[in-house]
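What follows is one structure encoded as C-alpha cells, with my remarks underneath.
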C-alpha cells in the first residue's frame, strides 16, 4: 500500500470514528495554497478542523507528537482562509487531532479535542 493509500484509509477510519460520536462531515481534504485540512466537521454548534495523523511506529515519535508547531501553523492559516470564504456560517470553531497508531492486528485511535489554539 502506498503512503497516500494509507493516509486515505486513516482518514476514513477517523471519519467513521468521529461520526460515531455525533460529528457530521462538512468537507474532506480541504485544500488551498496555504495548506490542507483533512476533515472539517460539525460538533453540535462548533466547526471542527481535524488533523488526522497515522504512524506505523513510534520510532520517531507518536502520531500525536508529529503535529508540531509548524504543522499547527499551516492548519491555522488554512482554517482562517476557510473561515474567510464562509464568514457568517460558524461562530465557534476548534482544532482537533485524531492520532492513529497500529497495535498488532488492530489500530488505536486517540481523539484530542482542542489540541491547539490560535495564539
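Taking only the C-alpha atoms of the chain, the Rg (one decimal) and the largest Cα-Cα distance, Dmax (whole number), read 14.0, 45 Å. The relative contact order of the chain comes to 23 percent, based on Cα pairs under 8 Å that sit 6 or more residues apart.
Between 19, 89, 11, the residue with the greatest mean-square fluctuation in the GNM of the chain (Cα pairs under 10 Å linked by springs) is 89.
Rounded if a/c is under 1.5, else prolate if a/b beats b/c, else oblate: with a ≥ b ≥ c from the C-alpha gyration tensor eigenvalues square-rooted, which is region 63-119? It comes out prolate by the Cα gyration axes. Between 0 and 90 degrees, the angle of helix 3-20 with respect to the longest Cα principal axis of the chain falls at about 70 degrees. Of the DSSP beta bridges with both residues in region 3-116, give the percent that are antiparallel, rounding to the nearest 5. Here the antiparallel bridges make up roughly 70 percent for region 3-116.
You can think of it this way: the chain between residue 19 and residue 31 has 2.1 nm of extra reach, that is 0.36 nm per residue less the Cα-Cα gap. For region 4-58, the gyration tensor built on C-alpha atoms gives an oblate shape. Its axis ratio a/c (a ≥ b ≥ c) is at least 1.5, and a/b is not larger than b/c. Per-residue ellipticity at 222 nm from helix content only, as computed over the chain with -39500 (n - 2.57) for each DSSP H run of at least four residues, stands at -10000 deg cm²/dmol. Against the chain, whose longest principal axis is taken from its Cα atoms, helix 69-85 shows a tilt of about 40°. Among 23, 83, 39, the largest mean-square fluctuation in a Gaussian network model of the chain, built with springs joining Cα atoms closer than 10 Å, belongs to 83.
With r defined as the distance between the Cβ atoms of residue 4 and residue 119 and R0 fixed at 30 Å, what FRET efficiency is calculated, to the nearest 0.05?
Taking R0 as 30 Å, the efficiency between residue 4 and residue 119 is 0.40.
Readers should treat all values here as calculations from the given coordinates under stated rules, not as data from a laboratory. It should be emphasised that the depicted structure is a prediction, and the values quoted were computed from it without experimental measurement. Heads up, the Cβs are rebuilt from the backbone with ideal geometry, glycines too, and the neighbour counts pull from every protein chain shown.
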